[in-house]
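The values are calculated or read from the model by the stated rules, or taken from the named source; none is laboratory data. Everything numeric here is computed off the predicted structure, so don't read it as measured data. Reconstructed Cβ throughout: ideal geometry from the backbone, glycine too, with neighbour counts over all protein chains shown.
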Amino acid sequence: MAPILSVRDLEKTYDGGFQALKSVSLDIEEGEVFALLGPNGAGKTTLISTICGLVRPTSGSIHVGGHDAMKEFRSARRLIGLVPQEMPTAPFEIVGDTVTFSRGLFGLPPDRPLIDGILKDLTLWEKRNNPIMALSGGMKRRLLVAKALSHEPKILFLDEPTAGVDVELRHDMWRIVSELKERGVTIILTTHYIEEAEEMADRVGVINKGEIILVEEKEELMRKLGRKLLTLNLTEPLGAVPDSLSRYDLELAEEGMRLIYTYDTHAERTGITALLTDLADAGVRFQDLQTDQSSLEDIFVGLVKEG
C-alpha cells in the first residue's frame, strides 16, 4: 500500500539565502502517529507549512493521498487538517459558528450532527454559543483542533499541540490523539515534550538543521540506541581508570568517586559479572551501585549533538 503522505527531496531556501529544508524525504503510512522531534529552528514548522501549502518549496515533490500537492492543491489540501501553534481568530466569533465556517472553507455543506459530535468530543459543547474571547487558553487550543477536524481530514498535523498548556490538558490531548488514531486518522505531530513521543508515537523522526537525520519505529529506536548505565560509587577516589579495566570503556566522574559503565541491555552478555571480578582484582572498592535506563530524551539529545 502506498504511503498516505510522501515527500521527496524537499528543499526550501528563503530570499535571504537561509536554507530551512535540505533534501527532505519522508513517507508517512496511513493510520500511524508520527512524531517529528527537533530543537528550535530545526525546520519542523517549515516542513509542516510546506506540506500544507502555506510555504512554497524551492524544489522537491509532495504527494498527499496520491495527489500531487503542487498540481492538485485543492484535492491534496482537502485531506489535511492543520492545528497550528497559534491562530489569530476573531474574538467575537461564536465557537460553534467558527467550526462550521471552517468546514465551509473546503466547499462542504453544513453537517450539524458532525460538528456537534466534534464539539462534544473536545469538551467544547457547553461553550458552543460562547464568543471565542470567553474561552480559556486551553479551550482555545481545543477549538483549533475542532476547526481542523471540521472537514473530516485523513491526515492531521499538530504543531506543538500542548506547548504552554497544563498537565491535565496535555493528557486530554493524548487521549484525543489516541481516539483519532482508532478512527483511522493519520497524525503527525511536532513536539518539544519527549514524553509525548514516547506516549503516542508509532514512529519517530528527528530533524536538525533542516535535515531528517533519523526515522525509526519508536520501540526499535529504543532498542537500538537505548542503553543502561551502571554507576559504581567508590569508597575512595581514583585518579585514573586502571589499565586492567580499559576494555570496559569506563567513565570516571564526580572527581574520581564514581565509575560509570555503559552496556547494551539486549546483548547476550552485559559484561557486569566480569567487570565486578576485575574491579576486585584491581583493588577498586565500591560502597553501592545503581542502574539507569536511557530515555528517548537521552537518545534525542545524543542524535542532535552528533548532527
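Yes/no matrix, rows are residues, columns are (1) over 28 Å from Leu36 (Cβ atoms); (2) buried (at least 20 other Cβ atoms within 10 Å of the Cβ); (3) over 27 Å from the mean Cα position of the chain (by Cα):
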site	(1), (2), (3)
Gly65	no, yes, no
Ala76	no, yes, no
Pro84	no, no, no
Phe92	yes, no, yes
Asp116	yes, no, yes
Gly137	no, no, no
Leu156	no, yes, no
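In this structure, is Lys181 touching a residue at least 40 places away in the same chain (Cβ under 8 Å), under 27 Å from the mean Cα position of the chain (by Cα) and assigned by TED's automatic domain parsing to the domain that holds His67? Yes.
Here the condition is being touching a residue at least 24 places away in the same chain (Cβ under 8 Å), assigned by TED's automatic domain parsing to the domain that holds Lys12 and among the aromatic types (Phe, Trp, Tyr); of Phe106, Phe73, it holds for Phe106 alone.
Selection of the range 161-170 for residues being surrounded by fewer than 20 Cβ atoms within 10 Å (Cβ to Cβ) and either assigned to a loop (DSSP other than H, G, I, E, B) or modelled with pLDDT of 80 or more (or both) yields Ala163, Gly164, Val165, Asp166.
Against the test of being under 15 Å from Glu32 (Cα atoms) and in contact (Cβ under 8 Å) with a residue 24 or more places away in the chain, the options Ile194, Ile188 yield a single qualifying residue, Ile188.
Summed over the range 96-141, the residues that are closer than 22 Å to Phe157 by Cβ and assigned to a helix (DSSP H, G or I) give a count of 19.
Scoring Ser150 on the criteria (1) polar (S, T, N, Q); (2) over 29 Å from Thr46 (Cβ atoms); (3) modelled with pLDDT of 95 or more leaves a single failure, condition (2).
In the range 88-132, how many residues are within 25 Å of Trp174 (Cα to Cα) and out of contact with any Asp or Glu (no Cβ under 6 Å at 6 or more places or on another chain)?
Our first condition is that a residue be within 25 Å of Trp174 (Cα to Cα); within the range 88-132, this holds for 88-89, 95-96, 98-100, 102-103, 113-128, 132.
Restricting the remaining residues to those that are out of contact with any Asp or Glu (no Cβ under 6 Å at 6 or more places or on another chain) gives 88-89, 95-96, 98-100, 102-103, 113-128.
Final tally of qualifying residues: 25.
When Thr270 is tested against (1) surrounded by 12 or more Cβ atoms within 10 Å (Cβ to Cβ); (2) in a strand (DSSP E or B), only condition (2) is not met.
Kindly provide the set of residues from the range 15-39 that are over 21 Å from Ile155 (Cα atoms), surrounded by fewer than 17 Cβ atoms within 10 Å (Cβ to Cβ) and touching a residue at least 24 places away in the same chain (Cβ under 8 Å), ordered by number. Of everything in the range 15-39, those that are over 21 Å from Ile155 (Cα atoms), surrounded by fewer than 17 Cβ atoms within 10 Å (Cβ to Cβ) and touching a residue at least 24 places away in the same chain (Cβ under 8 Å) turn out to be Gln19, Lys22, Ser23, Pro39. One residue stands out in the range 5-18 among those that are in contact with a strand residue (DSSP E or B) (Cβ under 8 Å, 6 or more places away or on another chain) and either at pLDDT below 95 or among the basic types (Lys, Arg) (or both): the one that is nearest to Gly210 (Cα to Cα), namely Lys12.
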